[in-house]
Amino acid sequence: MYILGGTSATLLSNNLSRLLNQPLLKTTFKRFPDDEFYLRIEEPIDGEDVLIVQTAYPDPKIVELLIMQDAVCEAGAKKISVILPYFGYSRQDKKFEEGEAISARAMAEHISIHADEVITVDPHKEHILDFFTTPTRSCSAVPALADYLKKKNIDLVLAPDKGARDRGEEAAKLIGCASDYLEKTRIDGTTVKIHPKNLDVHGKTVAIVDDIISTGGTMANSIKELRHQGAKKVYVACTHGLFAGQAREKLKESGVDEIIATDTIESEFSKVSVASCLASMLVSLA
Ligand code: R5P
């Protein structure tokens, strides 16, 4: 099997190549003067299995992924597996208002065209996996995040809203501490309100665990509320760190002690790798 690591998953594809003991496919990537993407596969892959690793975020990375899939198919690969560490557009998973696009479905259907299987990590909602027209599975980054948080003497894990409660409970169980959740109301894409809730956080070390940090509004407001209630230390951990717009500044200003994300989207906060959970899944499927 060859691993084709896309430009949005360099770290992860190198780690997967090492863990699975499979070579990285030699390729040339470049951008034309008008910024269109160019790809050339530099070695024969006719009849070989190919694992493409590419995060579908931001938009240009989706175009790169579709071009990689087409090139691998054209070059005669036997089986094409796509690892989609972060599935961009997954939050637009239904019509919230009449006339809206179901963007997650549009992406999934196109990615399915040249994929014999798709594997993703912590999908925003389980039902979005059904949008793919090829077998699709997911693995969880929570054990890897919990492993990292274990070293921080966490007293309490909080989910930022009721919908994320299961993830928080799972992390707390693995860390060996209590869990609870906050009450959140989303006003619009960039504004959220965290309602004061009587939590016993005074003098405690708290970790807030979520699937995504996007604008950082959810986490920043949660941190402020916990600080207000006397928390000693506040860690924030997520699987997918998008850090859109002023997210970094917002989080720093809110008084966070540490920001932790995985390498599904590579950034300075990618302190936890999902490579092992993906590698185990691939080995168990083989
Ligand atoms: C929402 O359902 C997600 O789980 C995250 O809480 C949300 O995407 C975070 O967004 P932001 O960082 O923009 O508040």
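The values are calculated or read from the model by the stated rules, or taken from the named source; none is laboratory data. Quick caveat: nothing in here was measured; it's all calculated off a predicted structure. Reconstructed Cβ throughout: ideal geometry from the backbone, glycine too, with neighbour counts over all protein chains shown. What goes into the accessible areas is simple: the full protein's heavy atoms, side chains included, and nothing from ligands, DNA or RNA. Shrake-Rupley method; radii C 1.70, N 1.55, O 1.52, S 1.80 Å.
Summary of computed values
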| read-out | value |
| --- | --- |
| Of all accessible heavy-atom area on the chain, the percent that carbon and sulfur account for (1.4 Å) | 48 |
| Dipole magnitude of the range 1-130, debye to nearest 20 (Cβ charges: Lys/Arg +1, Asp/Glu -1, about Cα centre) | 380 |
| Filtered trypsin sites (Lys or Arg not before Pro), the range 93-174: DSSP coil and at most 15 other beta carbons within 10 Å | K94, K95, K125 |
| Coil-residue trypsin sites (Lys or Arg not before Pro) of the range 3-61, DSSP, other Cβ within 10 Å capped at 12 | K26 |
| Size descriptor, Kirkwood hydrodynamic radius, that averages inverse alpha-carbon separations across the range 215-284, Å | 13.1 |
| DSSP-defined beta bridges in the range 1-156 - what % are antiparallel, rounded to 5 | 20 |
| Kirkwood Rh in Å, taken over all unlike Cα pairs in the range 159-231 | 12.5 |
| Quarter of Cα convex hull surface for the range 106-199, i.e. mean projection, nm² | 7.9 |
| Relative contact order (%) - the range 7-119, alpha-carbon pairs under 8 angstrom, separation at least six | 23 |
| Calculated FRET value between E258 and E42, using beta carbons and R₀ = 45 Å, to 0.05 | 0.65 |
| Label-point gap, in nm, between K78 and Q246 - each point 7 angstrom along Cα→Cβ | 5.5 |
| FRET efficiency estimate (nearest 0.05) - Cβ-Cβ, R165 to N21, R0 35 angstrom | 0.35 |
| Solvent-accessible area per residue, Å², over the chain with all protein chains present [probe radius 1.4 Å] | 46 |
| Within the chain, percent of DSSP bridges classed antiparallel, to nearest 5 | 20 |
| Two-site label geometry, D147 and A178: point separation in nm, points 7 Å out along Cα→Cβ | 2.9 |
| Cut-off under 5 Å, modelled amide H: who pairs with T136 long-range | V118 |
| Residue-averaged 222 nm ellipticity for the chain, from DSSP H runs of 4+ at -39500 (n - 2.57), nearest 500 | -9000 deg cm²/dmol |
| Rel. contact order, % - alpha carbon contacts under 8 angstrom, at least six apart, the range 200-240 | 63 |
| 3J(HN,Hα) from dihedral phi, the range 23-39, Karplus parametrisation 6.51/-1.76/1.60, rounded to Hz, x for glycine, proline | x, 7, 6, 6, 9, 10, 10, 7, 10, 5, x, 8, 6, 6, 7, 10, 9 |
| Entries of K125/K152; K152/K193; K173/K204; K30/K78; K204/K224; K197/K271 with Cα pairs more than 24 Å apart | K125/K152; K152/K193; K30/K78; K197/K271 |
| T191/K30 FRET efficiency (R0 41 Å; Cβ-Cβ; nearest 0.05) | 0.55 |
| For the range 1-160: Kirkwood Rh in Å [reciprocal of mean 1/r, alpha carbons] | 17.0 |
| Cα-only radius of gyration and Dmax that characterise the chain, units Å | 19.8, 62 |
| Taking the chain and dividing mean pair separation by its residue count, relative contact order in percent (alpha carbons under 8 Å, at least six apart) | 14 |
| Span from the the range 201-278 Cα centroid across to the the range 139-189 one, whole angstrom | 11 |
